[in-house]
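The values are calculated or read from the model by the stated rules, or taken from the named source; none is laboratory data. Being a predicted model, the structure only gives us computed values, none of them experimental. Here the Cβ positions follow ideal geometry from the backbone for every residue, glycine too, while neighbour counts run over all protein chains shown.
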Amino acid sequence: MKKIISLCFVCALIFSFAILQVKALTVWEFEDWQAGNDYGSKSKISSNITNLKGEKEEKGGMKVGPFNKSSKSKLSDGIKEEVYVGLNLNNYQTSELFELSIALNQFDVESKYLTESVVMTQKSGDKFVITSSWAKDKNPIAVIDKDGVYTYRWEFKKENEKIKVKFTVLDYDTELGTTDFIELNVKNADKATDVRYLWACNIKASYGVDIYTSLPSKNTIENPNTGDINLFVLIGLIVICSLGLAYVIKKFN
């Protein structure tokens, strides 16, 4: 019996560790978005959803939105950041768009801007088309025709003193589109250090864009405000189920 309980407990810990690893990515919380003073506005839709809007007037052809400096990811470790974006076709008019960007720092005497990777999401007819100017061709990275919460994933790495970026769009575990690792045209690539910010650099949509702090579970997607999962409760349930399984095994053996 002790061996069974120990085995179940170890399995629970391993599963819990896997969950924690997913949660190790940056959590983009409402409080950390910097808005106002020429950086658009933010509003709290729920504990899990932040709505970002751009400035009313264009500056340099953009309607600038808020930015977030929460990421602590370093290029020396390899960077992977995910952003959960709510897309609802009814919230956008045809041709409305928003752009999201993750930028990198360089360090000389102090940290300063080095480069960034901008991705555009635009409504075209009855679908969203996701593109980027730094991709090798002008084909869409992904085309989305149904409402949901989608994962935008940026990955950066340094290879042969060059900075490369890969972008992927996911519908939970299903990959909808991705790029190769593409070299960015960057001077001083050897000085690249870490993530500078996530920025809603251009929001030309009256609705704005919804950013989720955590990815809601699939069965709550129709009511996303209830999609938050308490990690500690989940771990507790795993442990309880494991011990219950051990009891059943003992009783019927």
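Tabulated values for the structure
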read-out	value
Single match in Glu55, Glu82 (criterion: surrounded by 15 or more Cβ atoms within 10 Å (Cβ to Cβ) and in a loop (DSSP other than H, G, I, E, B))	Glu55
The listed residue being surrounded by 12 or more Cβ atoms within 10 Å (Cβ to Cβ), more than 15 Å from the chain's Cα centre (by Cα), over 19 Å from Arg196 (Cβ atoms) and not hydroxyl-bearing (Ser, Thr, Tyr), out of Gln106, Gln122	Gln122
Criterion violated by Lys123 - all others in (1) within 21 Å of Gly78 (Cα to Cα); (2) in contact with an Asp or Glu (Cβ under 8 Å, 6 or more places away or on another chain); (3) of a type outside the set (Val, Ile, Thr) satisfied	(1)
Residues within region 85-102 that are of a type in the set (Asp, Glu) and either in a loop (DSSP other than H, G, I, E, B) or in contact with a Pro (Cβ under 8 Å, 6 or more places away or on another chain) (or both), tallied	1
Which numbered condition Leu25 fails, given (1) under 20 Å from the mean Cα position of the chain (by Cα); (2) modelled with pLDDT under 95; (3) part of a helix (DSSP H, G or I)	(3)
3 or more residues surrounded by 17 or more Cβ atoms within 10 Å (Cβ to Cβ) and in the same structural domain as Glu96 (by TED's automatic domain parsing): qualifying strands (runs of 3 or more DSSP E) within region 130-182	148-159, 162-171
